[in-house]
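The values are calculated or read from the model by the stated rules, or taken from the named source; none is laboratory data. Everything numeric here is computed off the predicted structure, so don't read it as measured data. Because the Cβ atoms are built from the backbone with ideal geometry, glycine has one as well, and the counts that use them run over all protein chains shown. Side chains are part of the model used for accessible areas, which takes the heavy atoms of the whole protein and leaves out ligands, DNA and RNA. Shrake-Rupley method; radii C 1.70, N 1.55, O 1.52, S 1.80 Å.
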Amino acid sequence: SSKTFWTTTGMFPQELIIRFPKCVKISKVAIECYLVRTLRIERSTSEDPVGFEQCVEKDLQHREGQLQMEEFPLPEFQATYLRFIIKSAFDHFVSVHRVMAEGT
């Protein structure tokens with residue numbers, strides 16, 4: 001639902017970890033968020049959320065009053081966990097409305 005979202009607590013960095021039921025192949029990640037300035041995406045293939053490797057880090061454009069919709073086409077890789085680290089923001093609080101991962 002576009003009316004639900006995850007919000008930060010006001011200090012940075014903040015992180016959000018997503019776990020897949022098993023190790024999957026991912027070729028693209030997309031995110032809909034609000035007021036995020038710098039975002040890093042990391043992956044782990046471990047059974048526990050440890051040993052993360054950086055996939056991409058990007059400075060996002062500020063879109064006053066609108067959601068930021070960013071796609072990250074990536075070389076196909078495997079992951080059991082994805083960690084989204086919001087390193088900085090355009091305001092004290094930001095929100096994440098949707099995360100999508102494509103692959104098999």
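Within the chain, what whole-number % of the accessible surface is contributed by carbon and sulfur, with the 1.4 Å probe and all protein chains included in the calculation?
49 percent
In square angstrom, what is the accessible area per residue of the chain with a 1.4 angstrom probe?
With all protein chains present, the chain gives 61 Å² per residue.
Rounded to the nearest 20 Debye, what is the dipole magnitude of segment 13-103 about its Cα centre when Lys and Arg each give +1 and Asp and Glu each give -1 at the C-beta?
100 debye
Per the Cauchy relation, a quarter of the hull surface: what is the mean projected area of the convex hull of the alpha carbons in the chain, in nm²?
On the way: hull surface 25.8 nm².
In nm², the orientation-averaged hull projection of the chain is 6.5.
Return the lysines within reach of LYS25: Cα separation strictly under 23 angstrom, same-chain partners fewer than 8 residues apart disregarded; answer none if there are no such residues.
LYS58
For segment 1-79, run through the trypsin sites (Lys or Arg not before Pro) and keep only the ones in DSSP coil with at most 14 other Cβ atoms within 10 Å of their Cβ.
Here the trypsin sites (Lys or Arg not before Pro) that fit, given the DSSP loop and packing criteria, are LYS3, ARG63.
Can you tell me which aspartates and glutamates have their Cα less than 17 Å from the Cα of LYS22? Leave out same-chain residues fewer than eight positions away.
Hits, sequence-local ones excluded: GLU42, GLU47, ASP48, GLU76, GLU102.
Just need the relative contact order of the chain here, percent rounded to a whole number, with Cα pairs under 8 Å and 6+ apart.
Details: 251 pairs, mean separation 50.1, N = 104.
Once divided by the residue count of the chain, the mean separation gives 48 percent.
Along the charge dipole of segment 1-99, which of SER88, ALA30, GLN61 sits closest to the positive end, that is, farthest toward it, with unit charges on the beta carbon of Lys, Arg, Asp and Glu (+1, +1, -1, -1)?
ALA30
Within the chain, what's the longest run with no GluC sites (Glu not before Pro) in a DSSP loop and at most 15 other beta-carbon atoms within 10 Å? Give the range, please. Display every interim value, and only then the final one.
On the way: sites that count: GLU47, GLU64.
Answer - 1-46.
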